[in-house]
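Structure first, commentary second.
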Amino acid sequence: MMETRLRRLALPLLEAGADAEPDVRQQLRDALSGLGAADPEELLQVCGEYLRNHDKLPAAQRALILASMGAVVRSHLGELGKAAANDAIALGAHEISRAKNANDAIALGAHEISRAKEAHWEWQEAAGALLVELGRRFLARVMEELLRLLPPAALPHPGLVRALADLAAANVFGMVPFLGSILGTLLPLLPTARADSMKCTLCYALQRFSESIQEYLAGQEQGPDPTVRGDAFAPELGAAFDVLSLQWVQSRDAKVRVAVLEALGPLSALIPPEQLQEQLPKLLPTILGLYRKHPEPFPISKSLCQVLEASVPLGSRALEPQLEPLLGTLLNQLCAPAEPSIPTSSKNHTELLRCFSVLARPFPQRALQWLLPRLECSSQRHRQGALRVLRHLLNSAPSQMEMQKVSILSSLRAPLQDGSPEVRRALLQLVGAMGPRGFLQEPGAEALLEFLVLQCDGPGPAAAPGGAEEIPEDAASDDVRSVGVSTLILLSSTVPGVAPVLWRFLLRALLRPGLSRALAPLCRSLALLAPQMQREPPESGAQGEEC
């Protein structure tokens, strides 16, 4: 029979996990998951029986089996019957509790090695992950088991807290109605957390709970209880915010500080507004100061952006005194060279630009008054960064920026004279963003079109001394020319409002000497503009002048 054959195949795999190396354990997990595709309920039953009948299995082997069960549930959740699900839920709750007790014993034994602690943490994590997968469909039964494990007046063990947090992320609409009672149990115990690992876990839970509440409120019409309000959680989350922002964020442990930041961001949108307004004068400098302490700035930038987004609706009084320090730190971070060893560098730049756009919405004039002089500074890196910010603001806050066209155009004189490839590339990208916003039709914009055409021509190959072979242009200049050509073609093909200006300017440029390498993109651009000009011909006087 299939059940007997599946059992005969599964048991050797379960036994092989005792002393397997990490790579082998992954292969065993994949093999067990593959067997589960034939009969998921049978595979879960075999794994459950094996765990119950072998109390002394090593922690790593128990983690492997539980992780395999979780993978089977993830792929076949809809095929599980209630009885099989209930058995797996009871097993997961039992294992997460056993893993906690075993971990406590290890923590007390000075002779135990750190690798054993990691194995027991993997055991807790795998048991929790199994319950999370089951909770996507059988949430009421999973929550019954997890709430039973919550101690009445003591902090629960980290595996249980993490399982609740991951459940909140996995089943938002099911979990949010439970969060009131969970927060009521956990939050009074925050001040009793002493271990850094426990603080990190609690911060992770607060982050997930807050994100789930926000997601629930955003799609409340589809939720089971449309009467749930964000301010219902404000007192408890406000108390947690105080503990994190006034105490834990000053921790000596870098992991704790990062975990606190990741929680403070989503928490800031849910605490009482007057509490956030009161905290901002201390909180924002604290967050900015953390840039000097952490090699990976992405969590700081993301948290800062979330705090700023929550602060803007409070009015200018809360943010205005902090505006210049914020803008200065953000630009310095944006101009810092990217670290190839840090995979989140590009994400960090995205969050920094988002911070600029959040601040520009309530303070468009002040933000520009601060930013535009940076275009004239001697540092090419800061000039390039300021051009990137300006381009981002044109795209993210166009209505506020378009009122400042004259001052923006006049501030570009210095970048137009900059020979740095990085600055030229950034300026070309800015010109591309200006086109749809009507900047190129303004007086003084002809200098930008001149710059654009010159970049399409590029520096060209240079003659080597003594009549030797020509030296090819460097890759950076070639890249700038490529950006210039693509910008010109983009403006010609997708921005109808700029067609008359481009048509007149490019016709004149076509006849100028010394632009041989620009001839092809100029002709291509004019070919794209010609149908637009036939539909909307320019005034007869202007047309006759050019012909």
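The values are calculated or read from the model by the stated rules, or taken from the named source; none is laboratory data. For clarity, every value in this text was computed on a predicted model and none was experimentally measured. Cβ coordinates were reconstructed from backbone atoms using ideal geometry, including for glycine residues, and neighbour counts include every protein chain displayed. Remember, those area values only see protein heavy atoms, side chains included, never the ligands or the DNA or RNA. Shrake-Rupley method; radii C 1.70, N 1.55, O 1.52, S 1.80 Å.
Couple of notes before you dig in:
- Against the chain, whose longest principal axis comes from its Cα atoms, helix 139-149 is set at around 60 degrees.
- Within the straight-line cut-off of under 12 Å between alpha carbons, the aspartates and glutamates reachable from residue 199 are 253, sequence neighbours fewer than 8 places apart in one chain being disregarded.
- The chain: C-alpha gyration tensor shape, a/c 1.5 cut-off, then a/b vs b/c: prolate
- For the chain, the solvent-accessible area of protein heavy atoms averages 46 Å² per residue (probe radius 1.4 Å; ligands and nucleic acids excluded).
- Bridging of residue 302 to aspartates and glutamates at a Cα separation below 13 Å is possible for 262, 351, once same-chain residues fewer than 8 apart are set aside.
- 10 Å Cβ shell holding at most 11 others, DSSP loop, trypsin sites (Lys or Arg not before Pro): longest site-free stretch of the chain: 294-547
- In this simple spin-label approximation, residue 37 and residue 252 carry label points 7 Å from Cα along the Cα→Cβ vector, and these lie 5.2 nm apart.
- On Cα atoms only, tilt of 345-360 relative to the major axis of the chain in degrees: 70 degrees
- Note on residue 56: aspartates and glutamates with a C-alpha under 14 Å away, same-chain residues under 8 apart excluded, are 15, 19, 95.
- Rolling a 1.4 Å probe over the protein heavy atoms of the range 334-428, with every protein chain left in place, gives an accessible area that is 49 percent carbon and sulfur.
- For residue 508 and residue 494, the difference between the fully extended length at 0.36 nm per residue and the C-alpha to C-alpha distance is 2.9 nm.
- For the chain, size of Cβ-based charge dipole, Lys and Arg +1, Asp and Glu -1, in debye: 640 debye
- Cα-based helix-to-principal-axis angle, 446-457 vs the chain, degrees rounded to 10: 80 degrees
- In the chain, excluding the sites themselves, the longest stretch lacking any of the GluC sites (Glu not before Pro) that are in a DSSP loop with at most 14 other Cβ atoms within 10 Å is 113-468.
- The alpha carbons of the range 1-97 occupy a box of 33, 31, 22 Å along the principal axes, longest dimension given first.
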